[in-house]
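Here is the structure we will look at, set down as structure tokens.
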Amino acid sequence: MVALLLLFAAGRATAATHMVDVAPGGLFFLPDSLTIQAGDTVVWTWKGSSHSVTSGYPGQPSGVFDSGIHGSGFTFSFTFQNAGTFLYYCMPHGTCCGMTGAVIVTAATPTPTPTPNPTVPAQALNISTRLEVRTGDQVLIGGFIIDGDVPKRVVFRAIGPSLAAFGITNPLADPVLELHASDGALITQNDNWKDTQEADIEATGLQPSNDFESAIVSTLDPGTYTAVVSGRNGGTGVGLVEGYDVDQASNSQLANISTRGFVETGTNIMIGGFILGGGGKDVSVVVRALGPSLTPFGVTGALADPTLELHDENGALIQDNDNWKDTQQTEIEATGLQPTDDLESAIFKTLAPGAYTAIVGGSGGLTGVALVEVYRLP
């Protein structure tokens, strides 16, 4: 999967209503899976007695919606404002009889946006990285730099359960998010996003679709920061860390992004996404994949020979690199951002505004801890 995972909804002009029957002649929902757009409403109609429509897994309600237990003729409705996959079940019959359903909510068609000014360079508006979250020094660590002279308002999210809708078989069940300053000091943390800042997060339109996912909104001074994603009580699984610029009018910007974590094989390689926007002018970036040079910083099990691919928003390969000196050595050295180890990877590219994905793997199927970085050049 090379597409950037953008899990938020945009508004649209009209909304639709969808119907689901509850126990129409058996212990099941009809249909048991429904795909709708954000802003649509689902209406459940009871055809049998002693059933409920409860969000979550059997025995593990998520708290998003709950009809209570009712009999034939009862109706219950819920409007889905956010994109994501919403599982639900019947409380009396979910565990014993597999009476479950799902509503898959896609992002609504966005309203048109003004054409970006072609004289204004694009900047990083969104950053995200997906990989296997482990424990200890193999948790998911995202770093970023706010460049400028005024504070910047940003939203950070740690996504896990809702990745199942994108084919991830082992998503992180309950991610925990921490925000740290450059000296490592903890600024704030969050486990379940509704526990703190619920109103502030909803005001940005970037609230996660699952209550077990985490989010933080904060106004930060220019400087270096780190977002750390781990699993509650030592849980492991695939997680996604995201950072959004929600104050594009500010003179400050996200100038550098990086993520460190354990790179495996198959679908558990490191996938870093970024969006360039806020202006219509092309910008130059340097993308790096580091491994061996992490060892002097106390990282054990560093990826010995990282590989790097850069893809566009459609998944098409733009450029790849194994060892940075093999191609573009002169261009990369001119930026001053050349890796310190010849086995590490780097790509220099001038990009139009849009969404891009950087994929880090191990040469020959190697695994280990790696760092992916994206630098927006002046």
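Would you point out which residue out of Val43, Val64 is aliphatic (A, V, I, L, M) and within 23 Å of Gly167 (Cα to Cα)?
Numbers: Val43 fails: within 23 Å of Gly167 (Cα to Cα).
None of the other options fit; the residue is Val64.
Failed condition for Ser62, given (1) at pLDDT 90 or above; (2) outside any loop (DSSP other than H, G, I, E, B), with all others met?
Only one criterion in (1) at pLDDT 90 or above; (2) outside any loop (DSSP other than H, G, I, E, B) is unmet by Ser62, namely (1).
Here are Gly239, Gly223, Gly273, Gly231: which of them is in contact (Cβ under 8 Å) with a residue 12 or more places away in the chain and closer than 22 Å to Ser182 by Cα?
Working: Gly239 fails: closer than 22 Å to Ser182 by Cα; Gly273 fails: closer than 22 Å to Ser182 by Cα; Gly231 fails: closer than 22 Å to Ser182 by Cα.
Of the residues listed, the single one that is in contact (Cβ under 8 Å) with a residue 12 or more places away in the chain and closer than 22 Å to Ser182 by Cα is Gly223.
Can you name every residue in segment 326-350 that is buried (at least 18 other Cβ atoms within 10 Å of the Cβ) and either in contact (Cβ under 8 Å) with a residue 60 or more places away in the chain or more than 25 Å from Leu140 (Cα to Cα) (or both)?
Residues satisfying the conditions are Gln328, Ile332, Ala346, Ile347, Phe348.
Quick check, is Ile271 in the same structural domain as Asn170 (by TED's automatic domain parsing), under 21 Å from Val372 (Cβ atoms) and either of a type in the set (Lys, Arg) or crowded, with 22+ Cβ neighbours inside 10 Å (or both)?
Numbers: in the same structural domain as Asn170 (by TED's automatic domain parsing): yes; under 21 Å from Val372 (Cβ atoms): yes; either of a type in the set (Lys, Arg) or crowded, with 22+ Cβ neighbours inside 10 Å (or both): yes.
Considered against the rule, which asks whether it is in the same structural domain as Asn170 (by TED's automatic domain parsing), under 21 Å from Val372 (Cβ atoms) and either of a type in the set (Lys, Arg) or crowded, with 22+ Cβ neighbours inside 10 Å (or both), Ile271 comes out as yes.
Out of Ala173, Ala203, Ala199, Ala185, which single residue is touching a residue at least 12 places away in the same chain (Cβ under 8 Å) and either hydrophobic (A, V, I, L, M, F, W, C) or outside the structural domain of Gly143 (by TED's automatic domain parsing) (or both)? Walk me through how you get there before you give the answer.
Working: Ala203 fails: touching a residue at least 12 places away in the same chain (Cβ under 8 Å); Ala199 fails: touching a residue at least 12 places away in the same chain (Cβ under 8 Å); Ala185 fails: touching a residue at least 12 places away in the same chain (Cβ under 8 Å).
Of the residues listed, the single one that is touching a residue at least 12 places away in the same chain (Cβ under 8 Å) and either hydrophobic (A, V, I, L, M, F, W, C) or outside the structural domain of Gly143 (by TED's automatic domain parsing) (or both) is Ala173.
For segment 287-340, what are the residues that are outside any helix (DSSP H, G or I), farther than 19 Å from Gly362 by Cβ and touching a Phe, Trp or Tyr at 6+ places or on another chain (Cβ under 9 Å)?
Asp312, Glu313, Ile318, Gln328, Leu337, Gln338
Condition first: outside any loop (DSSP other than H, G, I, E, B) and either over 18 Å from Thr259 (Cα atoms) or at pLDDT below 95 (or both). Now tell me which residues in segment 190-214 satisfy that.
Asn190, Trp193, Lys194, Asp195, Glu198, Ala199, Asp200, Ile201, Glu202, Ala203, Thr204
The values are calculated or read from the model by the stated rules, or taken from the named source; none is laboratory data. All of these numbers come straight from a predicted model, not from anything done at the bench. Positions of Cβ are backbone-derived with ideal geometry, glycine not excepted, and every protein chain shown enters the neighbour counts.
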